[in-house]
2 protein chains.
Amino acid sequence: MVAVFPDAEYQARTTRAQAQMAKHELAAMLLTSEADVRYYTGYLTRFWESPSRPWFLIVPASGTPVAVIPSIGAALMGQTWIDDIRTWPAPQPGDDGVSLLADTLRDLAPDGQIGLPHRMESHLRMPLDDYNALRTALPTHTFGTDHGITADLRQVKSEAEIDKIARACDIAANAFADVPRIATVGTPLSQVFRDFQRLGLQHGADWVPYLSGGADQSGYGDVISPASDTPLRDGDVLMLDTGLVHDGYFCDYDRNWAVGHATDAAARGQSQLMEAAAAGLEAAKPGATASDVYHSMHGVVGGGDAGRLGHGLGMQLTEGLSLIADDHTVLREGMVITLEPSAMTVGNHLMVHEENIVIRAGGAQILTPWSPSTLTVI
Amino acid sequence: MVAVFPDAEYQARTTRAQAQMAKHELAAMLLTSEADVRYYTGYLTRFWESPSRPWFLIVPASGTPVAVIPSIGAALMGQTWIDDIRTWPAPQPGDDGVSLLADTLRDLAPDGQIGLPHRMESHLRMPLDDYNALRTALPTHTFGTDHGITADLRQVKSEAEIDKIARACDIAANAFADVPRIATVGTPLSQVFRDFQRLGLQHGADWVPYLSGGADQSGYGDVISPASDTPLRDGDVLMLDTGLVHDGYFCDYDRNWAVGHATDAAARGQSQLMEAAAAGLEAAKPGATASDVYHSMHGVVGGGDAGRLGHGLGMQLTEGLSLIADDHTVLREGMVITLEPSAMTVGNHLMVHEENIVIRAGGAQILTPWSPSTLTVI
């Protein structure tokens with residue numbers, strides 16, 4: 001495996017984190033989730049799909065992070081810039097890496113405050129029994145919040161990261177362009193889902209972790225259900241929303257098509273959504289808040305069941321800020337976000353549209369091929 | 001969406017859990033992970049890929065489970081047998097469902113012990129800040145282990161679940177059979193990975209959450225790395241290991257092929273692996289332990305870097321027991337496990353083989369098309 005980025009990128013991330021750790025007087029940070037571990041190491045594998053083994057990364061107050069991981073991961077971690085890799089033969093009942101982790105923390109930070117992600121979107125990817133055992137093993141350390149250091153750093157992408165997201169967007173664009181070849185009146189939605197994922201892979205996705213969508217008359221009732229076998233009908237709006245991955249980075253956007261013909265309600269919906277997206281694009285400038293961008297779109301389309309009108313993305317399908325009234329995160333250059341307005345069409349049916357953009361000094365740069373205001377008919 | 005199973009299946013699971021809860025004097029169980037929530041509800045969506053929103057299911061001491069979930073999931077959860085669904089507009093900074101969850105727990109269990117998964121393989125899928133706030137909001141409740149109730153129940157599959165896993169195995173078998181069409185001397189491994197996932201979808205997989213593999217002379221050095229662009233060479237062994245999903249259930253098995261020709265070392269490896277798998281199959285009877293099955297295979301091939309020679313599977317790629325010396329879980333009818341021996345071939349190269357079986361009264365039933373003892377040459 002060739003690392004996704006040069007070592008200097010991971011070194012720079014670590015240095016930035018350590019500057020924040022010093023401010024907050026953290027002796028070390030303990031990270032357990034896929035994206036957080038990968039952020040500082042470049043350790044990229046689909047093996048996280050298995051819940052059986054915990055993985056640990058310690059970011060010390062200074063120096064290179066230390067990996068405390070199952071032995072099955074030693075060879076791959078050895079190809080990253082991390083050189084202190086301590087392993088145990090997981091899964092190991094009774095002591096699944098806990099004493100090794102405790103010893104390593106003691107080595108790196110003889111006492112003091114250990115910071116772990118505590119805020120929204122985070123979770124501790126280790127058994128609670130083991131977390132309790134770790135705390136018991138280190139009675140003179142305190143375990144508390146990481147003050148959002150890693151989550152905050154991850155919100156602003158480097159040019160190298162933006163390139164990866166842009167490439168994922170391009171791959172999805174090619175797949176979306178082929179949808180008229182796989183979907184027509186009579187095609188079961190479940191078949192469209194399978195074939196769209198195949199298109200994503202054909203055009204270069206490494207994998208397709210996320211696909212949702214819907215199809216119904218002039219909109220759809222729900223955007224998170226698995227695909228049914230119901231065939232597409234004339235007058236349906238078909239929506240496909242994908243998070244496909246290139247070198248560990250996601251795109252996350254959708255497209256709508258009119259099946260057979262565009263109903264008036266669907267045509268109006270698309271037009272409204274694109275007007276809202278344009279308003280969001282205009283508002284998405286450095287110094288504006290997530291709330292500002294939300295209001296710019298909400299003013300056009302109102303809210304939706306989704307509860308938010310966009311979000312950050314990167315190593316995860318969704319990460320960082322939410323475009324909601326109550327998120328006052330200030331947009332900074334390099335943040336990559338989605339604009340995701342939704343609009344009610346007829347009855348309880350809605351349409352959702354999504355584009356991906358990066359915040360630049362002069363205004364937002366579009367990463368997706370911006371959609372037209374009229375629906376493509378298939 | 002039609003539910004994957006009839007309501008009676010979820011009802012029966014709940015009743016069994018509540019019998020165990022009574023023994024352990026649990027007032028309620030609180031579940032937060034995809035598989036645990038789905039086990040009692042049938043709630044199936046790929047939306048868990050987004051880490052932004054927590055989801056909660058409460059199993060009370062008696063009666064139907066109660067869902068406390070983001071409003072975006074209300075429509076889909078409403079199609080399951082769960083009728084008490086309480087929602088909040090997540091993500092909601094400041095109180096992301098915590099007070100609603102606390103109120104609901106208070107309704108269902110005015111005091112007493114709340115059980116959460118604490119053991120190996122489990123994690124709490126909610127922010128630690130929110131977990132701490134929940135405990136503060138319910139000072140007269142105690143929060144502790146669920147005694148492994150859900151994990152233990154999930155190990156033994158119903159016939160309906162076994163049918164789903166068997167179908168996933170069949171889909172993968174058809175994809176594996178087509179590999180000679182997509183892989184030959186000169187094909188980059190990354191291309192083989194993409195095309196294999198396309199084959200899985202073509203043959204009916206809903207999605208392909210997991211694919212790993214390797215290719216090198218007479219074996220491979222590592223089984224969890226992303227695919228490189230290195231072309232297949234004569235004398236390579238190509239291995240593909242997939243966890244693809246049908247109706248929310250995984251298969252998890254691999255196949256090896258000799259590229260161009262089978263080297264003596266590779267041929268010997270395959271023969272050893274199939275001998276080990278046969279020994280595991282023979283040992284995998286009700287009443288035997290995971291350790292017994294491990295030793296039956298280890299006696300033939302020795303250990304490997306993987307640390308275990310198989311594991312349970314079902315709603316997750318890996319779940320439940322591990323085939324290691326120290327796992328003394330007793331095999332019961334209805335458990336679905338993998339047999340996954342590995343053998344060193346030349347230098348630091350190894351080969352890994354995997355089959356899926358279900359434990360039956362008379363002995364194990366094979367769910368995968370058992371491999372021949374000689375490598376297929378492509």
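Using a cutoff of 8 angstrom between alpha carbon atoms and counting only pairs six or more residues apart, the relative contact order for the range B:270-378 works out to 31 percent.
Computed over the alpha-carbon pairs of the range B:216-369, the distance histogram in 10 Å steps reads 12, 41, 33, 13, 1 percent, short to long.
What does the net charge come to around B:L134 if you take all other residues with beta carbon closer than 13 Å to its beta carbon, with K and R at +1 and D and E at -1? Could the numbers behind the result be given before it?
Details: positive: B:R106, B:R135; negative: B:D95, B:D96, B:D103, B:D129, B:D130.
The answer is -3.
Over the residues of chain A, the helix contribution to mean residue ellipticity at 222 nm works out to -10000 deg cm²/dmol, using -39500 (n - 2.57) for each DSSP H run of at least 4.
Mind grabbing the base-10 log of I(q)/I(0) for the range A:6-100 at q = 0.11, 0.24 Å⁻¹? Debye formula, identical points on the C-alpha positions, no solvent, two decimal places. Here log10 of I(q) over I(0) equals -0.31, -1.29.
Two decimals is fine: what's Rg over Rh for chain A, C-alpha atoms, Kirkwood radius as Rh?
On the way: Rg = 22.5 Å, Rh = 22.1 Å.
Rg divided by Rh gives 1.02.
Please work out, to two decimal places, the log10 of the ratio I(q)/I(0) at q = 0.26 Å⁻¹ from a Debye calculation in which every Cα of the range B:48-130 carries one identical scatterer. Ignoring solvent entirely, the Cα scatterers give -1.48.
Taking each residue of B:88-94 in turn, how many C-beta atoms of other protein chains fall within 10 Å of its C-beta, and what is the average? Don't jump to the answer; show the numbers that get you there.
Working: counts 1, 7, 5, 11, 7, 8, 2.
So the per-residue partner count for this stretch is 6.
Distance between the C-alpha centres of the range B:23-80 and the range A:202-219: 25 Å, rounded to the whole angstrom.
Please report the equivalent ellipsoid semi-axes of the range B:284-378, computed as sqrt(5 x eigenvalue) of the Cα gyration tensor, largest first, in whole Å.
Values: eigenvalues 101, 52, 29 Å².
Equivalent ellipsoid semi-axes, largest first: 22, 16, 12 Å.
Partner lysines whose Cα lies under 30 Å from the Cα of B:K164, excluding those fewer than 8 positions away in the same chain, are identified as B:K285. In summary, the range B:112-199 shows an alpha-carbon radius of gyration equal to 1.85 times the 2.2 N^0.38 Å reference for compact globular proteins.
Near B:D195: Cβ cut-off under 13 Å, other residues only, Lys/Arg at +1 and Asp/Glu at -1. The net charge is +2. Residues whose amide H comes within less than 5 Å of that of B:R233, counting only those at least five positions distant or on another chain, are B:G186 (H built at 1.01 Å from N in the peptide plane). For B:D152, the label point sits 7 Å beyond Cα toward Cβ; its separations from the matching points on the remaining copies run 4.5 nm, from shortest to longest.
In plain terms, if you count all Cα to Cα distances in the range A:30-69 and split them into 10 Å steps from zero, the share in each step is 30, 57, 12, 1 percent. For the range A:161-205, the Kirkwood hydrodynamic radius comes to 11.0 Å, computed from all pairs of different C-alpha atoms. Site pair A:A325 and B:S228 shows an inter-label distance of 5.5 nm when each label is modelled 7 Å from Cα along Cα→Cβ. Express in whole angstrom the spacing between the alpha-carbon centres of the range B:269-296 and the range A:144-161. The range B:269-296 and the range A:144-161 have Cα centres separated by 46 Å.
Relative contact order for chain A: what percent, with Cα pairs under 8 Å and sequence separation of 6 or more? Please list the in-between numbers first.
Details: 824 pairs, mean separation 50.0, N = 378.
Result for chain A is 13 percent.
Overall shape of the protein assembly as shown was characterised from the C-alpha gyration tensor. The equivalent ellipsoid obtained from it has semi-axes of 37, 31, 28 Å, in decreasing order. Over all Cα atoms in the range B:135-262, the spread is summed up by Rg and Dmax: 19.6, 69 Å. In the range B:5-163, the C-alpha radius of gyration followed by the widest Cα-Cα span (Dmax) gives 14.7, 45 angstrom.
Partner lysines whose Cα lies under 24 Å from the Cα of A:K23, excluding those fewer than 8 positions away in the same chain, are identified as A:K157.
P(r) tail for the range B:232-293: Cα pairs beyond 16 Å make up 63% of the total.
Near B:T289, the amide H atoms lying under 5 Å from its own belong to B:L331; only residues 5 or more places off or on other chains count, and H is placed 1.01 Å from N.
Taking every alpha-carbon pair under 8 Å whose residues sit at least 6 apart, the range B:8-77 reaches a relative contact order of 34 percent. Charge dipole (Cα centre; +1 on Lys/Arg Cβ, -1 on Asp/Glu Cβ; no other charges) of chain A amounts to roughly 280 debye. Each of the peptides A:29-36, B:223-230 was scored by the mean count of other Cβ atoms within 10 Å over its residues; in descending order, highest first, they stand as A:29-36, B:223-230.
Shape summary: the range B:94-149 maps onto an equivalent ellipsoid whose semi-axes, from the alpha-carbon gyration tensor, are 19, 15, 9 Å in decreasing order.
Residue-level result for chain B: its Cβ closest to the axis carrying B onto A, with that distance in Å, is B:R198, 2.
Just so you know, all these numbers are worked out from the coordinates, no wet-lab data involved. What you see is a predicted model, and the numbers here were worked out from it, not measured in a lab. Glycine also receives a Cβ, built like all others from the backbone with ideal geometry; neighbour counts cover every protein chain displayed.
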